[in-house]
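Please treat every number below as a calculation from the coordinates, not as lab data. Keep in mind the model is a prediction, meaning the values are calculated, not measured. All Cβ positions, glycine included, derive from the backbone under ideal geometry; neighbour counts span all protein chains shown.
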Amino acid sequence: MTKRLRITGRLEYGPRGLIIVTEAGDVRVLDGCEPAADLMGTRVTAEGEASGYDRLQTDWIGAAAV
């Protein structure tokens, strides 16, 4: 069974690729989607399936609601 997640945080590039950093400081590496360049450094929401300890196989990434 796969665990679906929806995570909101700041979108950044990290040493292992695209990451999302939550307000609590949790970090997930994002695989699967390449968001629009203007979303880098902004607050986004990403949804997808957990894959491994700290990875998310994303279905979509978009600007977070205010």
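So the values come out like this:
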| read-out | value |
| --- | --- |
| In Hz, Karplus ³J(HN,Hα) per residue of the range 34-39 (6.51, -1.76, 1.60; θ = phi - 60°; x = Gly, Pro) | 10, x, 4, 4, 6, 7 |
| Charge dipole magnitude, Cβ of K and R +1, D and E -1 - the chain, Cα centre, debye nearest 20 | 140 debye |
| Amide proton proximity set for Trp60, modelled H, under 5 Å, gap of 5+ | Glu47 |
| Relative contact order (%) - criterion: Cα under 8 Å, at least six apart; region: the chain | 34 percent |
| Whole-Hz couplings from phi, Karplus 6.51/-1.76/1.60, listed for the range 44-53; x for Gly and Pro | 10, 10, 10, 10, x, 9, 5, 9, x, 5 |
| Rounded to whole Hz, the Karplus (6.51, -1.76, 1.60) HN-Hα couplings of the range 12-23, x for glycine and proline | 9, 9, x, x, 10, x, 5, 10, 10, 10, 6, 4 |
| Net charge, Arg4 excluded, C-beta distance under 12 Å - Lys, Arg +1, Asp, Glu -1 | -1 |
| P(r) weight above 18 Å for the range 4-63, C-alpha pairs, percent | 18 percent |
